[in-house]
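Please read the structure below before turning to the comments.
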Amino acid sequence: MGKIIGIDLGTTNSCVAVLEGGEPKVIVNDEGERTTPSVVAFKGEEELVGARAKRQAVTNVNNTIASIKRLMGTKEKVTANDKKWTPEEISAKILSKLKKDAENYLGEDVKEAVITVPAYFNDAQRQATKNAGKIAGLDVKRIINEPTAAALAYGLDKQEKLQTILVYDLGGGTFDVSILELGDGLFEVKSTAGNNRLGGDDFDQRIIDYLVSEFKKQEGIDLSKDKMAMQRLKDSAEKAKKDLSGMAKTQISLPFISQKDGSPVHLEMELSKAKFEDLCRDLFDSTLEPVRKALKDAKLKSSDIDEVILVGGSTRIPYIQELVKKELGKEPHKGVNPDEVVAMGAAIQGGVLTGEVDDLVLLDVTPLSLGIETLGGVMTVLIPRNTTIPTSKSQVFSTAADNQPAVDIHVLQGERPMAQDNKTLGNFQLMDIPPAPRGIPQIEVKFDIDANGIVHVTAKDLGTNKEQTITITSNTSLSDEEIDKMVKEAEQNKEADEKRKEQANVKNDADSLIFATEKAIKDLGDKVDEKDKKEAEEKMKDLKESLEKDDIEDIKKKTESLNEIAMKLATKVYEQAAKEQKPEENAQTEKKDDVEEANYEEK
Amino acid sequence: MEKEFVKKETQEEQNIELPKKKEKKKNKFEIENEKLKEENQILNEKCLRISAELQNVKKRNAEEISRLLKYDGETFIKKILPTIDNFERAILLDDANLEDEVSKFLSGFKMIYSNLKNILEESEIKEIPCVGLPFDPNTMEAVLTDHEENMEKGMVMEVLQKGYTYKEKVIRHAMVKVND
């Protein structure tokens with residue numbers, strides 16, 4: 001069974017998406033773009049679709065067709081290449097290209113599709129869209145309304161009660177408002193309104209006009225007659241518009257835009273968000289009229305609307321978002337890519353039809369990180385937050401002291417680096433570890449979370465295969481607020497926590513160094529230089545005192561000082577070992593390397 | 001072995017207990033068995049499908065990442081291109097008279113520009129050749145047309161803004177004037 005692709009067949013741009021692992025994914029075309037211009041051109045035998053067709057338009061005006069969607073369902077025909085084409089045939093060429101892009105991406109044939117149409121499309125227009133699909137070699141499983149697809153993309157069909165949804169769709173060249181009622185898997189269009197000649201291009205034009213008139217005032221040069229300058233202005237205007245969605249002002253600088261008396265003239269202007277809003281305010285505000293009309297036609301008040309969805313690239317403009325919010329008194333749903341939600345919704349509908357959506361098991365994630373306490377009171381995370389469950393993870397640890405008979409497993413939950421700041425989920429001991437030097441025993445700790453969020457923690461001595469398990473069921477008892485609070489606390493205390501963790505690390509290092517030095521002295525026995533031995537012992541004593549006083553800077557300094565003499569001793573140990581060539585000892589060292597550095601605190 | 005033994009025993013036990021209902025009981029087990037087999041098949045199928053989907057997603061992800069890595073820095077390069085255009089615009093103003101201050105200044109500009117160009121070429125960023133070639137919508141965007149008797153129709157007359165490729169990918173289309 002193949003995939004059913006979702007297609008947003010737009011007036012200016014089209015977009016194709018597919019359900020992948022339960023999530024809709026927009027497919028990039030062969031030029032690496034996420035949307036494809038709805039333009040078709042004929043050049044001799046050659047047929048061009050998308051950006052290529054758009055780029056050659058001026059050289060081939062008579063054989064280039066754009067905005068064919070406006071003719072769908074009519075008897076009108078377009079002439080190109082000395083042939084008359086129906087709107088279905090032209091749309092089919094766009095659909096074929098999208099189909100091919102999807103096939104390239106999926107690596108398999110695509111035969112079925114869900115295509116979206118505006119809510120106001122009549123039967124003839126819908127039938128024409130379906131026919132276009134057929135001509136393109138697609139079995140159109142369903143034609144769905146664009147606003148419905150948007151609602152699907154936001155998962156609004158999953159609500160239990162009947163809801164009224166307003167979809168505000170402001171694209172590149174058209175504006176649509178639709179009011180839908182949905183509930184129990186049923187969608188009903190209550191009313192539609194709009195302006196099919198309003199969109200992002202109009203806002204760009206306002207910026208261009210402003211720049212041209214300002215430049216004329218400043219320099220006395222009319223740029224509108226210079227095609228190249230106008231092209232540069234157009235690109236800059238579009239970029240400025242996009243910048244102003246995230247910034248309060250933007251710089252437009254076009255050096256060498258023109259010449260005056262043989263010298264170059266540059267255009268350098270600042271455009272503020274406020275100025276941009278001034279320039280376009282009447283256009284922005286004009287979108288409210290269709291919103292009010294749609295409400296009136298549906299016999300609804302703005303307070304009757306349960307959800308508001310923003311669709312189309314122009315809804316990224318903050319003024320528009322505020323405008324809609326103010327008019328309807330509701331925070332609208334807005335995605336990262338409002339120009340892709342319709343195709344994504346169509347892909348979800350496709351997934352419903354193949355059963356992929358039903359098969360989907362909603363998997364939970366761990367709301368907070370899980371781990372254990374290790375040497376120095378540090379929390380070592382085994383399963384980070386937001387990991388999809390069920391899952392399991394294991395890590396090997398070792399002991400912190402010679403002949404340590406048992407390890408304490410302190411199971412923690414939370415985002416703070418130090419154990420004491422996190423929530424304790426449980427405690428247990430793994431006992432009867434055979435006597436061995438520090439760092440030699442290998443204790444494997446395994447976390448296993450099942451689909452219900454129940455955590456099993458197992459500690460196993462890999463030497464003896466002895467193990468101990470704890471099952472924690474209280475994991476899910478945290479409320480959303482508590483989880484939020486814990487995550488926020490971790491963010492707030494990030495700096496202080498990191499400092500404390502570093503301090504713990506400094507102490508751990510000092511501790512390890514003392515241990516290693518003591519071991520080296522013992523191993524060397526009488527082969528150690530008496531002077532070196534004395535110096536090392538003195539420095540160790542200093543460091544131990546410093547550790548007791550808990551003075552971090554002093555510990556650091558003394559660790560460094562001890563390190564010098566320790567290195568000297570270590571070199572001797574290795575020389576000794578090389579001389580004696582003890583293979584067993586080498587093997588032991590290697591084994592030690594596999595073990596994680598974190599050690600258990602001796603209790 | 002042990003399991004089998006236990007199984008037999010239970011069956012026998014049941015046989016003893018309900019000898020008359022043997023047929024019916026067996027049927028019930030058979031039905032149950034068939035139901036379980038069917039369920040098992042569905043689950044197996046689902047499991048296979050999910051595994052296959054996971055593998056496919058992984059494959060596509062890997063392809064996408066390698067594609068992204070290949071064109072690493074593309075966004076940055078695209079942002080740099082207008083600056084290169086402006087260098088060229090500045091250099092174009094030179095009247096090549098080395099005596100005047102502007103020309104002296106611009107000769108330094110030219111050196112900076114050629115350094116920049118070298119860096120681009122080393123990074124496989126190349127200018128798209130256009131003038132005198134047939135218009136190609138794959139690499140060029142026509143913004144103007146004109147008519148010239150001595151030139152074939154559809155040939156590029158002038159480049160208004162240079163186009164660039166990064167490795168094999170067109171990162172900016174050349175804006176050109178085409179003979180009509």
Practice item. Go through segment B:133-150 and give me each residue that's more than 7 Å from every other protein chain (Cβ to nearest Cβ) and farther than 10 Å from B:H173 by Cβ. Key: B:L133, B:P134, B:D146, B:H147, B:E148, B:E149, B:N150
Check your understanding: Which number in (1) more than 12 Å from chain A (Cβ to nearest Cβ); (2) closer than 30 Å to A:E20 by Cα; (3) touching a residue at least 12 places away in the same chain (Cβ under 8 Å) marks the one condition that B:K70 misses?
Key -> (1)
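Hey, does segment A:231-241 have a residue that's touching a residue at least 60 places away in the same chain (Cβ under 8 Å) and open to solvent by less than 40 Å² (accessible area, probe 1.4 Å)?
Yes, that holds for at least one residue.
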Exercise for review: Go through the residues of segment A:13-22 one by one and say whether even a single one is in a loop (DSSP other than H, G, I, E, B) and either surrounded by fewer than 20 Cβ atoms within 10 Å (Cβ to Cβ) or away from chain B (no Cβ under 12 Å) (or both).
Suggested key: yes
Practice item. State whether one or more residues within segment A:492-503 are among the hydrophobic types (A, V, I, L, M, F, W, C) and touching a residue at least 24 places away in the same chain (Cβ under 8 Å). Key: no
**Study point:** Filter result (touching a residue at least 60 places away in the same chain (Cβ under 8 Å) and open to solvent by less than 40 Å² (accessible area, probe 1.4 Å)) within segment A:40-71
**Key:** A:S67, A:K69
Check your understanding: What number of residues within segment A:217-229 are open to solvent by 50 Å² or more (accessible area, probe 1.4 Å), part of a helix (DSSP H, G or I) and of a type outside the set (D, E, K, R)?
Key -> 2
Practice item. Considering each of B:K177, B:K110, B:K169, B:K153 in turn, give the residue that is open to solvent by 30 Å² or more (accessible area, probe 1.4 Å) and away from every other protein chain (no Cβ under 12 Å). Key: B:K110
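Is it the case that some residue within segment A:23-35 is polar (S, T, N, Q), open to solvent by less than 40 Å² (accessible area, probe 1.4 Å) and away from chain B (no Cβ under 14 Å)?
Residues of segment A:23-35 that are polar (S, T, N, Q), as a first pass: A:29, A:35.
From what's left, open to solvent by less than 40 Å² (accessible area, probe 1.4 Å): A:29.
Pick out the ones that are also away from chain B (no Cβ under 14 Å) and you get none.
Within segment A:23-35, not a single residue is polar (S, T, N, Q), open to solvent by less than 40 Å² (accessible area, probe 1.4 Å) and away from chain B (no Cβ under 14 Å).
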Practice item. With the condition kept exactly as written, say whether any residue in segment A:242-251 is within 14 Å of chain B (Cβ to nearest Cβ) and in contact (Cβ under 8 Å) with a residue 60 or more places away in the chain. Key: yes
Exercise for review: Just one of (1) within 14 Å of chain B (Cβ to nearest Cβ); (2) surrounded by fewer than 19 Cβ atoms within 10 Å (Cβ to Cβ); (3) among the hydrophobic types (A, V, I, L, M, F, W, C); (4) part of a strand (DSSP E or B) trips up A:I257, so point out which.
Suggested key: (2)
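On the given criteria, is B:F105 under 16 Å from B:Q161 (Cβ atoms), surrounded by 11 or more Cβ atoms within 10 Å (Cβ to Cβ) and within 14 Å of chain A (Cβ to nearest Cβ)?
no
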Check your understanding: Which one of these is in a helix (DSSP H, G or I) and either surrounded by 21 or more Cβ atoms within 10 Å (Cβ to Cβ) or free of Cβ contacts under 8 Å to residues at least 60 places away in the same chain (or both): A:E188, A:E214?
Key -> A:E214
Review point. Inside segment A:408-433, can you point out the residues that are part of a loop (DSSP other than H, G, I, E, B) and charged (D, E, K, R)?
Key: A:E415, A:R416, A:D432
Practice item. Determine, yes or no, whether B:E88 is away from chain A (no Cβ under 12 Å), surrounded by 11 or more Cβ atoms within 10 Å (Cβ to Cβ), closer than 26 Å to B:T165 by Cβ and not aliphatic (A, V, I, L, M). Key: no
**Study point:** Scan of segment A:262-273 for residues that are away from chain B (no Cβ under 13 Å) and surrounded by fewer than 16 Cβ atoms within 10 Å (Cβ to Cβ), ordered by number
**Key:** A:E270, A:S272
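What about A:E108, is it open to solvent by 10 Å² or more (accessible area, probe 1.4 Å) and touching a residue at least 24 places away in the same chain (Cβ under 8 Å)? Talk me through it step by step, then tell me what you get.
Numbers: open to solvent by 10 Å² or more (accessible area, probe 1.4 Å): yes; touching a residue at least 24 places away in the same chain (Cβ under 8 Å): yes.
Yes: the conditions hold for A:E108.
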Study note, to complete from the structure: Filtering segment A:123-149 down to residues that are of a type in the set (S, T, N, Q) and surrounded by 16 or more Cβ atoms within 10 Å (Cβ to Cβ) yields A:Q125, A:T129, A:N131, A:N145, A:T148
Review point. Which numbered condition trips up A:D278, out of (1) at pLDDT 95 or above; (2) surrounded by 16 or more Cβ atoms within 10 Å (Cβ to Cβ)?
Key: (2)
Check your understanding: For segment A:477-495, which residues satisfy the criterion of being surrounded by 12 or more Cβ atoms within 10 Å (Cβ to Cβ) and part of a helix (DSSP H, G or I)?
Key -> A:E482, A:I483, A:D484, A:K485, A:M486, A:V487, A:E489, A:A490, A:K494
Revision key, fill the gap. Only one of A:L162, A:L152, A:L156, A:L198 is among the hydrophobic types (A, V, I, L, M, F, W, C) and surrounded by 23 or more Cβ atoms within 10 Å (Cβ to Cβ), namely A:L152
**Study point:** Number of the exception - B:I128 against (1) away from chain A (no Cβ under 14 Å); (2) more than 28 Å from A:G262 (Cβ to Cβ)
**Key:** (1)
Practice item. Return the total of residues in segment B:117-134 being open to solvent by 70 Å² or more (accessible area, probe 1.4 Å) and part of a helix (DSSP H, G or I). Key: 4
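Does A:Q349 count as open to solvent by 10 Å² or more (accessible area, probe 1.4 Å) and closer than 30 Å to B:L93 by Cβ?
No: the conditions fail for A:Q349.
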Practice item. Pick out the one residue from A:D204, A:D209, A:D226, A:D222 that is among the acidic types (D, E) and within 14 Å of chain B (Cβ to nearest Cβ). Key: A:D226
Practice item. Working carefully through the options A:A436, A:A406, A:A459, find the one that is farther than 26 Å from A:E491 by Cα and surrounded by 19 or more Cβ atoms within 10 Å (Cβ to Cβ). Key: A:A459
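The values are calculated or read from the model by the stated rules, or taken from the named source; none is laboratory data. Here the structure is a predicted model, which is why all the values come from computation and not from measurement. Note that we place each Cβ from the backbone using ideal geometry, even for glycine, and neighbour counts take in every protein chain shown. Side chains are part of the model used for accessible areas, which takes the heavy atoms of the whole protein and leaves out ligands, DNA and RNA. Shrake-Rupley method; radii C 1.70, N 1.55, O 1.52, S 1.80 Å.
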